[in-house]
1. Kindly check whether there is at least one residue in region 11-30 that is part of a helix (DSSP H, G or I), over 27 Å from the mean Cα position of the chain (by Cα), on the phi < 0 side of the Ramachandran plot and at pLDDT below 90.
2. Answer yes if at least one residue in region 132-141 is of a type in the set (Lys, Arg), touching a residue at least 24 places away in the same chain (Cβ under 8 Å) and within 15 Å of Phe267 (Cα to Cα), and no otherwise.
3. Inside region 106-163, can you point out the residues that are polar (S, T, N, Q), farther than 23 Å from Ile191 by Cα and modelled with pLDDT of 95 or more?
4. Kindly provide the set of residues from region 32-61 that are assigned to a helix (DSSP H, G or I) and buried (at least 18 other Cβ atoms within 10 Å of the Cβ), ordered by number.
5. Please go through region 117-131 and pick out each residue that is within 25 Å of Ala271 (Cα to Cα) and either more than 15 Å from the chain's Cα centre (by Cα) or assigned to a helix (DSSP H, G or I) (or both).
6. Conditions first: (1) more than 29 Å from Glu213 (Cβ to Cβ); (2) part of a loop (DSSP other than H, G, I, E, B). Arg170 passes all but one, so which condition is the exception?
Amino acid sequence: MNICISEAESGMCIREFLRTRFSISARCLSALKHENGAIAVNGQPKTVRYVLAAGDELYLHLGDGEGDAMPLPDADKLPFPVLAADEWLIALSKPADMPTHQSYGHRGDTLADAIAAACGCPIVFRAITRLDRDTSGVVLLARNQLAAGFFSRAMIKGEIEKTYYAITLRAPSSRAGRMIDYIAREKDGIIRRVVVPEGEGDLAVTDYETVGEQHGKFLLRLCPRTGCTHQLRVQLASRGLPIAGDDFYGGSTDFWRQALHAACLSFPHPAGGRMTVEAPLPPDMLQYYSEV
């Protein structure tokens, strides 16, 4: 992969650059240092001590210790669309009723399994964003260790912006606003989350807007500003607005799955600038709101 050095990064040695921009692990840095030809600047081999200048073209050959960076999957072998792909990332639209990772009771039917099958070889599966099994929409994957470190850092800094759509049977009291809560694991529970008093859980902040109504159902646009487990499901349920089909949090059973869709992801790109990826509403939600 090739990386163009900016003015702000001029004067950094390669080691410092990789740690600052990509949060590179010691293991990954060591692999680069000890592989002949793994580092070059403007076509010339260099060590991690080389001082970079603005406009330099830094080349890295990055392996994982478990094979090279994840190859691009064969789109014809995937049961879902690839929304964007380059040497750093893959963004795809996960369907509902598909877990992201393998777990007890889920082997062979996950997003990770589908990607591996379409690649035709063992892969290192690095999901930067994760969705519940019944939530559809954009999932971002890192194709190599540098990208994974970069996106993890961006996530911690709040630089990855998400937009969801959800269907509820009631509308919020205000057409638009902000939900602010504290969320914690339910006492003696393992999975279920609940709203708790301030200071007893993690801060959860979500901006919302009612954007559609049809057949007695309401479409909400949701923009979470924090990343608590089950944040949107818990915040809406605590206000008497459980997501349709989300019977785990008191939702109706007239929708075959929880009507929640990750529609848009905007994030800084490892090569510079920002990237926005969108996944259109799936048919089971679009049938109620054809104007969206």
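1. Yes, some residue in region 11-30 is part of a helix (DSSP H, G or I), over 27 Å from the mean Cα position of the chain (by Cα), on the phi < 0 side of the Ramachandran plot and at pLDDT below 90.
2. No, region 132-141 contains no residue that is of a type in the set (Lys, Arg), touching a residue at least 24 places away in the same chain (Cβ under 8 Å) and within 15 Å of Phe267 (Cα to Cα).
3. Within region 106-163, just Thr163 meets the criteria.
4. Leu32
5. Cys119, Ile123, Val124
6. Evaluating Arg170 over (1) more than 29 Å from Glu213 (Cβ to Cβ); (2) part of a loop (DSSP other than H, G, I, E, B) leaves (1) as the failure.
The values are calculated or read from the model by the stated rules, or taken from the named source; none is laboratory data. Here the structure is a predicted model, which means the values were calculated and not measured. Ideal geometry is used to build each Cβ from the backbone, glycine not excepted, and the neighbour counts take in all protein chains shown.
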